[in-house]
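J.: The structure under discussion is supplied below as structure tokens; questions concerning it will follow.
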Amino acid sequence: MAVVAQNIRCSHCGAPVEFKPGELIATCKYCGFTTVIETGQAFNFEHSVLINSYTPEQIEGLVRDWMRSGFMKPGNLAKKSKITEKNLVYLPFWVVTVEATTKYKGIFERISPAIVKEGQIQREYNWLVLARDAAGFPTREYDVPLAGKVPYDFRKIEGFAKLLNSEMERDQALELARQQIDGHHRFLLQQDIDRIVEAQTSVDLKQMVYLHAPVWFIKYEYKGNNYQMIVDGAKGMVLKGDIPSVKF
Ligand SMILES: [Zn+2]
């Protein structure tokens with residue numbers, strides 16, 4: 001199926017703003033103005049970007065260093081691998097700053113007789129929600145270096161990089177964050193109780209930021225097989241790295 005790009009005009013500079021079906025928030029590549037597609041209105045929330053610190057050559061160096069390090073990799077991995085793709089993509093995220101509270105009631109069965117326990121978990125988070133339907137992206141592994149965020153500036157985006165638009169509105173992202181935190185807290189509850197009778201998570205929203213973060217998608221070939229790596233472009237963290245199996 002061909003992807004049909006549609007057009008609206010940037011309300012700031014008048015340039016055509018391209019977007020694809022499913023995208024809800026678009027950023028003008030000529031002036032950086034961000035628009036809510038449905039209404040054509042300006043986007044009123046903070047839009048930030050993390051600066052990419054690597055050139056394609058530098059990211060290749062980082063990948064080769066990673067290949068040379070660690071015990072679980074083939075000894076000749078760095079030498080024998082061919083890097084076949086290195087794409088810089090600015091992925092859209094919602095950074096949801098909340099205080100989340102889960103009130104719970106459950107059964108503690110580790111002692112006899114079992115007892116009913118009640119309590120609450122309260123934590124603060126900068127919870128990250130990927131604003132794209134991209135199964136397999138390791139969002140929970142990504143400790144986004146938020147200290148490095150600056151106001152979005154289209155001039156900071158490299159010509160060869162790809163900038164993806166959000167497929168998720170603010171309220172959807174907030175609800176998704178609440179659900180994910182609820183799941184996380186239910187996992188934490190297992191330390192205190194063995195069976196959950198009820199658990200309810202509420203969030204007190206402090207701030208919500210729309211953020212583009214630079215992520216390198218790397219593909220490499222080793223002994224005829226293809227492998228993938230995902231590397232954060234701000235600090236160089238390897239978020240995912242496929243390793244060929246080693247036969248001893
Ligand atoms: Zn514009």
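The values are calculated or read from the model by the stated rules, or taken from the named source; none is laboratory data. Model, not experiment: these values are computed from the prediction. Note that each Cβ is placed from the backbone with ideal geometry, even for glycine, and that neighbours are counted across all protein chains shown. What goes into the accessible areas is simple: the full protein's heavy atoms, side chains included, and nothing from ligands, DNA or RNA. Shrake-Rupley method; radii C 1.70, N 1.55, O 1.52, S 1.80 Å.
J.: Would you check if residue 191 is outside any loop (DSSP other than H, G, I, E, B) and loosely packed, with under 12 Cβ neighbours inside 10 Å?
T.: Considered against the rule, which asks whether it is outside any loop (DSSP other than H, G, I, E, B) and loosely packed, with under 12 Cβ neighbours inside 10 Å, residue 191 comes out as no.
J.: Let me ask something else about it. With 137, 217, 160 as the choices, which residue is part of a strand (DSSP E or B), of a type in the set (Phe, Trp, Tyr) and open to solvent by 20 Å² or more (accessible area, probe 1.4 Å)?
T.: Being part of a strand (DSSP E or B), of a type in the set (Phe, Trp, Tyr) and open to solvent by 20 Å² or more (accessible area, probe 1.4 Å) holds for just one of 137, 217, 160, which is 217.
J.: While we're on this one: What single numbered condition from (1) open to solvent by 90 Å² or more (accessible area, probe 1.4 Å); (2) closer than 26 Å to residue 169 by Cα fails to hold for residue 113?
T.: (2)
J.: Shifting gears a bit: Please indicate, with yes or no, whether at least one residue in region 103-120 is closer than 30 Å to residue 210 by Cβ and either outside any loop (DSSP other than H, G, I, E, B) or touching a residue at least 24 places away in the same chain (Cβ under 8 Å) (or both). Please lay out each step first, then the result.
T.: Pass one, region 103-120, residues closer than 30 Å to residue 210 by Cβ: none.
Looking for residues that are closer than 30 Å to residue 210 by Cβ and either outside any loop (DSSP other than H, G, I, E, B) or touching a residue at least 24 places away in the same chain (Cβ under 8 Å) (or both), one finds none in region 103-120, hence no.
J.: Still on this structure: Please indicate, with yes or no, whether at least one residue in region 38-48 is surrounded by 15 or more Cβ atoms within 10 Å (Cβ to Cβ), within 20 Å of residue 215 (Cβ to Cβ) and more than 16 Å from the ligand (Cβ to nearest atom).
T.: Yes, the conditions are met somewhere in region 38-48.
J.: I would also like to ask the following. Keeping to region 9-35, report how many residues are within 16 Å of residue 212 (Cβ to Cβ) and either in contact with a Gly (Cβ under 8 Å, 6 or more places away or on another chain) or open to solvent by less than 50 Å² (accessible area, probe 1.4 Å) (or both).
T.: Residues that pass the stated criteria total 11.
J.: Same structure again: Can you tell which of 30, 90 is in contact (Cβ under 8 Å) with a residue 60 or more places away in the chain, closer than 30 Å to residue 145 by Cβ, within 16 Å of the ligand (Cβ to nearest atom) and touching a strand residue (DSSP E or B) at 6+ places or on another chain (Cβ under 9 Å)?
T.: 30
J.: Among the residues of region 183-224, count how many are closer than 17 Å to residue 64 by Cα and over 20 Å from the mean Cα position of the chain (by Cα).
T.: Residues flagged as closer than 17 Å to residue 64 by Cα and over 20 Å from the mean Cα position of the chain (by Cα) within region 183-224 amount to 4.
J.: Listed residues 147, 100; which is more than 11 Å from the chain's Cα centre (by Cα), open to solvent by less than 70 Å² (accessible area, probe 1.4 Å) and not hydroxyl-bearing (Ser, Thr, Tyr)? Spell out the reasoning first.
T.: Values: 147 fails: open to solvent by less than 70 Å² (accessible area, probe 1.4 Å).
It is 100.
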